[in-house]
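The values are calculated or read from the model by the stated rules, or taken from the named source; none is laboratory data. Treat the numbers as computed from the prediction; the structure is a model and nothing was measured. Positions of Cβ are backbone-derived with ideal geometry, glycine not excepted, and every protein chain shown enters the neighbour counts. Remember, those area values only see protein heavy atoms, side chains included, never the ligands or the DNA or RNA. Shrake-Rupley method; radii C 1.70, N 1.55, O 1.52, S 1.80 Å.
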Amino acid sequence: MHEPIAMSERRSGSLLETVKTLVYAVAIALFVRTFLYEPFNIPSGSMKPTLLVGDYLFVSKFAYGYSRYSLPFSLPVFEGRLFASLPERGDVAVFKLPSDNRTDYIKRVIGLPGDKIQVKDGVLHVNGEPVRREPAGSFVEEVDGRGIAVPILEETLPGGRFYMTIDITRQGPLDNTRVYEVPPGHVFAMGDNRDNSLDSRVDHVGFIPLENLIGRAEIIFFSVNGYGSLWEPWKWPWSIRYERLLSRIR
């Protein structure tokens, strides 16, 4: 007579435990995503050769402190940054595009508050001094529908931070600029693919308020080359860029 009641109680208890487990899992995931690491993927080639389309990254949310843009849906809970830390020149940072405060961008921090940045004949100048550039191989880039080998240049910023860039031409639209003086509370950022990057050199992006910084790109945890689509599992093994998995971002 009492067995059906006991079975019903067990089923109810099991359902409650499942719901509690799901709630805990969601809470932990939200905590990690908000305060520790958030995954991002690369949709464009503006950061070649450092980052490629199809790279998946972990971005440290704690690197520069927290702002409203660290929160889900950019909830306006507070203004400014908590536990703020200034980026270093050379950091690859994710930020909200200042012109709409919604779109995620990823670029390299080149200038800090008070710095003067200029590009002359394709050469980056920081505070009036050209950065050192040295040849470092070549990269196959698609230009006008065909692949061509373009030189990779190793740039070294003041302070010794170095990284790789590609520069198809020294006479592109953004290869000769005015002097940009970075205002207080902002940074200046550029893509490593110098001739194919909308960055602080254009009005659409401009100087980036520190409040708009989301975090620093740390590691590539996965990467695919687009060879195999989701419905072509037989191609998946050849779609993964195994050499890029778990590689740190410089």
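Can you find even one residue in the range 74-90 that is among the aromatic types (Phe, Trp, Tyr) and either free of Cβ contacts under 8 Å to residues at least 40 places away in the same chain or in contact with a His (Cβ under 6 Å, 6 or more places away or on another chain) (or both)? Among the residues of the range 74-90, at least one is among the aromatic types (Phe, Trp, Tyr) and either free of Cβ contacts under 8 Å to residues at least 40 places away in the same chain or in contact with a His (Cβ under 6 Å, 6 or more places away or on another chain) (or both), which makes the answer yes. The strands (runs of 3 or more DSSP E) falling completely within the range 65-142 that include 1 or more residues that are acidic (Asp, Glu) and open to solvent by 20 Å² or more (accessible area, probe 1.4 Å) map to 104-111. If the condition is being in a strand (DSSP E or B) and either within 17 Å of Leu36 (Cα to Cα) or of a type in the set (Phe, Trp, Tyr) (or both), then the range 208-247 contributes Leu213, Ile214, Gly215, Arg216, Ala217, Glu218, Ile219, Ile220, Phe221, Phe222. Looking at the range 183-220, which of the residues that are open to solvent by less than 30 Å² (accessible area, probe 1.4 Å) and of a type in the set (Asp, Glu) is farthest from Val92 (Cα to Cα)? It comes out as Asp199. The sole residue among Pro173, Pro183 that is free of Cβ contacts under 8 Å to residues at least 24 places away in the same chain and either in a loop (DSSP other than H, G, I, E, B) or among the small types (Gly, Ala, Ser) (or both) is Pro173. With respect to the numbered conditions (1) of a type in the set (Ser, Thr, Tyr); (2) closer than 21 Å to Pro87 by Cβ; (3) touching a helix residue (DSSP H, G or I) at 6+ places or on another chain (Cβ under 7 Å), which one is the sole condition not fulfilled by Ser223? It fails just one condition, (2).
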